[in-house]
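The values are calculated or read from the model by the stated rules, or taken from the named source; none is laboratory data. Since the structure is predicted, the reported quantities are computational estimates derived from the model, not experimental observations. Every residue, glycine as well, gets a Cβ built from its backbone with ideal geometry; the counts of neighbours run over all protein chains shown. Only protein heavy atoms, including side chains, enter the accessible area calculation; ligands, DNA and RNA are left aside. Shrake-Rupley method; radii C 1.70, N 1.55, O 1.52, S 1.80 Å.
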Amino acid sequence: MHPTLRYLSGRLLTTALVVVGAVTLLFALTLLVPGNPASVLLGPRATPEAVAALAERMGLDRPLHERLLMFFGQVATGNLGTDVISGRPILTMVMEVLPFTVTLTIAAIGLAVLVGVPLGCYAATNPGSRGDRVAAVLSVSFIAMPNFVVAIFLLLIFSIWLDWLPVLGAGEPGDVLDQLVRLILPSVSLALGWVGYIARLMRSSLLEVLGEPYIRTARAFGIPDRKIVYKYALKNAAIPTVAILGLGVGRLLGGAIFAEIIFARPGIGTLVYDAILTRNYPVVQAGVLVVVLLFVLTNLLVDLSYAWLDPRLRPQKGVA
Amino acid sequence: MDTTYSRRSVLRTGAILGGAAALPFGFTGQAFAARDRLTVRVVRDIQNLDPANRVSFIEGNVIRAVCQRLISFKPGTFEWEPDAAKTITQVSPTLIEFELKPGQMFHGGYGELTAEDVKFSFERFRQPGPDGKPHQYAKDWEALDRVEVTGTHTGRIHLKTPAPAIWLVTLPDGSGALVSKKAFEALGDKVKNTLIGSGPYTFAEWQPNQRIVLKANPDWKGPKMAFNEIVLRPVQDPKTAELAYRSGELDFTVIEPTGAKDMARVANTKVISQDSINFVWIGINVEKPPFDNPKVREAIRKAIDVDQVILAAYNGAVGRAKALVAPGLLGHWADAPVHKRDVAGAKALLAEAGHGGGFKAKLTLLNRPAYQTAGVVVQALLAEVGIDLQLEVLDGGSFWSAGNGDAGKNLDLSIQRFGGKADPAFQTQWFVSEQVGVWNWQRWKNPEFDRLYAAAASTIDSNERARLYIEMQKLMDQSAAYIWLTHEVNVFASRSWLKPAILPNGDDLQFDKFTDA
């Protein structure tokens with residue numbers, strides 16, 4: 001088998017195992033959480049008969065291993081079942097909100113890269129300068145500030161005081177401009193911490209690469225600094241940042257929940273959060289499954305991108 | 001590194017940033033733009049619009065705007081008036097006759113509302129659902145025997161037993177919603193998220209977790225609706241709702257009582273504060289030692305200064321409750337005793353009960369700020385009489401299951417809050433013996449209370465009913481298992497041009513009766 005194919009199939013197998021492990025762990029956790037899902041869902045007006053009936057409809061009367069097997073069976077057939085409360089297919093519920101979370105994540109990570117990488121490059125190419133010190137203070141401040149605090153401040157400044165940007169929702173369907181405008185504050189509030197991380201990481205890795213012998217050689221050949229930094233050094237210095245981005249996308253997918261709640265946006269985070277509060281486990285499982293899938297796929301892509309960034313990391317024939 | 005900034009690059013960057021900054025202008029304040037659209041916050045998204053299986057008041061508010069009932073509440077009160085019914089009469093304790101107004105059409109081309117639809121709408125509560133299980137609100141029509149259709153627009157509701165509460169709890173509420181038999185048969189399971197009614201608003205659009213749109217029914221023959229469109233926006237976080245209101249994206253929202261003063265300063269805003277009929281109390285598990293000793297329960301009641309607890313928890317925004325049924329409702333016990341704090345008396349009772357040295361106990365409560373503050377105050381007050389109280393703060397999912405089944409035997413004290421309805425039969429139903437292990441977390445069983453409850457539920461005479469409910473509250477008071485805190489207050493922020501219609505329980509909004517003041 002071609003080394004790349006072998007590498008890829010190995011990674012895919014690991015990915016599948018991670019997904020199975022995560023979902024099994026989640027199932028086990030549902031045992032530890034107190035609260036009868038049926039009575040929580042039906043609320044104080046529910047009769048014992050209605051609670052028992054709902055518990056049966058949710059499959060809560062079956063043993064855990066049976067429910068787990070049933071869930072994997074549903075996943076395998078692409079049918080995650082029907083939500084007992086709304087009567088809607090769970091897969092539809094998840095797929096309806098998934099684009100909002102993915103868009104928010106991409107916007108946030110994109111913004112973090114667009115700001116963080118140049119900030120890190122500037123700091124690395126001007127070490128010890130006033131700009132470097134300012135960038136350091138800004139980066140650490142961004143990292144230290146909790147996202148929800150940033151979100152509230154952004155809302156106060158841009159929505160209330162300046163009245164520039166709206167507070168609620170994801171925008172009118174079909175109105176791209178409205179959707180973009182309503183994406184600004186949530187994505188900035190999510191991105192700010194990552195700007196700091198990426199800037200600090202970029203600075204340190206670029207400084208390290210700029211001290212490598214091949215860079216000194218390039219300078220000795222009289223190649224302009226700008227070309228050395230952006231053509232030769234940046235690509236190698238980017239590897240740790242790309243690795244962090246892979247984790248970042250995963251964390252943002254799961255962590256977008258606070259932005260979704262504060263900005264009242266639909267998304268996987270709010271779907272899962274609401275489902276946890278009501279112990280609606282089938283929806284929780286479906287939501288978490290999708291997040292886990294996206295997380296492991298992103299990391300798979302990141303792993304594969306190492307090879308593109310650094311030929312030394314490409315799978316070789318005869319090398320395990 | 002050669003890094004230079006030319007005048008051109010600086011100007012270009014500035015133009016981009018300026019453009020980006022200017023871009024959003026005009027996107028806020030949409031709620032101000034046209035008065036024919038009203039934007040209202042709902043605290044969560046709708047889940048099931050089938051009247052028999054609605055989840056809570058969120059769905060109920062939508063159902064009542066879209067579906068007519070035989071009778072409906074007048075704006076902001078629990079007084080009813082005919083709605084779809086031209087006439088409706090209680091002929092005998094178990095017989096109600098009605099005549100529908102002619103020409104009331106269902107939305108979506110499902111034809112005219114007839115007595116057959118009334119029969120279908122009510123009798124389905126007593127029949128099992130498609131999966132053979134009972135409907136969630138089946139109990140609302142427990143007394144129903146059958147609906148007899150006597151003509152296209154006339155019929156009779158036969159009851160198995162007298163049920164005066166259906167005039168306030170069932171007929172004018174979600175369980176009295178008149179649905180189209182034809183639509184239910186055509187839509188099947190889709191009735192959970194499609195609503196066909198004959199009311200003043202149509203269920204026009206639902207984007208899950210984004211918005212629900214109600215549009216004025218063009219075929220509506222009643223008074224013209226004040227708004228062509230009512231948009232309901234699910235906003236969970238109260239602070240976000242407050243900011244969205246301030247930015248003009250919402251016209252009406254429930255707010256925290258503690259935020260009322262700040263919101264009143266917002267331009268074009270009126271803050272509406274109305275006493276509620278809900279009830280918050282500290283319950284004591286009478287089965288578990290040492291609380292099985294009435295002297296211990298009485299000592300705890302004497303040790304707690306209710307005024308101090310609610311002042312701290314609600315910032316002085318609510319009044320004190322003296323009994324279960326709130327003022328203004330039938331069965332309110334106006335002369336209920338106001339228990340004053342008496343530390344010496346509490347210590348003496350504990351000593352008499354053999355607990356002079358105090359003991360450890362647990363207070364289970366929901367993780368809402370008001371209850372947590374109340375818990376801390378109660379903890380401090382009980383410490384003075386030697387009771388070492390631990391707080392068990394739980395999220396909604398865990399809390400609302402804490403008293404279920406055998407788990408409830410482990411409860412000591414708990415802070416609970418139940419919503420109220422217009423009839424005391426609703427408020428008192430949770431405290432009967434058969435509710436032990438369900439919602440009677442005090443596990444207090446009193447055969448006389450149960451007897452009075454059954455008698456009151458089937459008594460037609462209002463004065464007699466009131467007397468029975470007061471007797472029941474006296475028994476609760478004698479048990480010392482209930483320390484009533486407050487009936488709460490409902491606070492809303494509303495545009496000054498809006499005249500909302502809110503039923504006294506504060507949860508039930510009458511969208512069809514919202515007007516432009």
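Averaged over peptide A:259-266, the number of partner chain Cβ atoms lying within 10 Å of each residue's Cβ comes to 5. Using C-alpha pairs under 8 Å with a sequence gap of at least 6, the mean separation divided by the residue count of region B:416-517 gives a relative contact order of 17 percent. Counting, for every residue in A:83-91, the Cβ atoms of other protein chains within 10 Å of its Cβ and taking the mean gives 4. Backbone geometry of region A:171-176 corresponds, through the Karplus equation with coefficients 6.51, -1.76 and 1.60 at θ = phi - 60°, to 3J(HN,Hα) couplings of x, 5, x, x, 9, 4 Hz, x marking Gly and Pro. Remark: relative contact order (chain B) = 19 percent; criterion is Cα-Cα distance under 8 angstrom and separation of 6 or more residues.
Each peptide among A:237-245, B:317-325 gets the average number of other Cβ atoms lying within 10 Å of its residues, and from highest to lowest they stand as B:317-325, A:237-245. With 0.36 nm allotted per residue and the present C-alpha distance subtracted, the B:E384-B:R126 stretch has 87.6 nm of extension available.
Per residue of A:272-283, other chain Cβ atoms within 10 Å of the residue Cβ number 2 on average. Solvent exposure of chain A, expressed per residue, is 47 Å² of accessible area, with all protein chains present and a 1.4 angstrom probe. Taking Cα centre as origin and charging only the Cβ of basic (Lys, Arg, +1) and acidic (Asp, Glu, -1) residues, the dipole magnitude of the protein assembly as shown rounds to 2740 debye. Say the dipole of region A:118-264 comes from +1 at the beta carbon of Lys and Arg and -1 at that of Asp and Glu; which of A:V188, A:A220, A:A199 then lies farthest toward its positive end? Toward the positive end, the furthest listed residue is A:A220. Would you be so kind as to list the residues of region B:362-411 that have their accessible area lowered by at least 40 Å² in the full protein complex compared with their chain by itself (1.4 Å probe)? Residues passing the criterion (a loss of at least 40 Å², heavy atoms only) are B:G397, B:S398, B:S401.
For the peptides A:97-108, A:188-199, B:280-291, the ranking by mean Cβ contacts within 10 Å, running from highest to lowest, is A:188-199, A:97-108, B:280-291.
Taking only protein heavy atoms and a 1.4 Å probe, the accessible area of region B:221-318 is 49% carbon and sulfur. Relative protection proxy for B:230-242, A:61-73, A:205-217, from highest mean packing down: B:230-242, A:205-217, A:61-73 (other beta-carbon atoms within 10 angstrom).
Averaging the Cα positions of each part gives two centres, and for region A:245-266 and region A:155-212 these lie 12 Å apart.
For B:V436, the shell of other residues with beta-carbons less than 13 Å away shows a net charge of 0, using +1 for Lys and Arg and -1 for Asp and Glu. Can you give me the Cα centroid spacing of region A:85-126 and region B:48-81 in angstrom? Comparing the Cα centres of region A:85-126 and region B:48-81, I get a distance of 40 Å.
Placing unit charges on the Cβ atoms of the charged side chains and taking the dipole of region B:279-487 about its Cα centre, the candidate lying farthest along the positive direction among B:V343, B:I483, B:V438 is B:V343.
Treating r as the C-beta distance of A:L25 and B:V43 and R0 as 41 Å, the FRET efficiency rounds to 0.80. For chain A, the longest principal axis of the alpha carbon atoms and the long axis of helix A:90-125 meet at an angle near 20°. Can you give the net charge of the other residues whose Cβ lies under 14 Å from the Cβ of B:F227, counting K and R as +1 and D and E as -1? Cβ neighbours under 14 Å give a net charge of +2. Just to confirm the number: angle between the C-alpha axis of helix A:3-32 and the first principal axis of chain A, 0 to 90 degrees, nearest 10? Computed tilt is about 40 degrees. The residue among A:V209, A:L297, A:A136 whose Cα reaches farthest toward the positive pole of the charge dipole of chain A, with charges on the beta-carbon of Lys, Arg, Asp and Glu, is A:V209.
Give the percent of DSSP beta bridges with both residues in the protein assembly as shown that are antiparallel, rounded to the nearest 5. Of the beta bridges lying entirely in the protein assembly as shown, close to 75 percent run antiparallel. Accessible area per residue was computed with a 1.4 Å probe on protein heavy atoms; B:H158 scores about 30 Å².
Normalised by the number of residues in chain A, the mean separation of alpha-carbon contacts (under 8 Å, six or more apart) gives a relative contact order of 25 percent.
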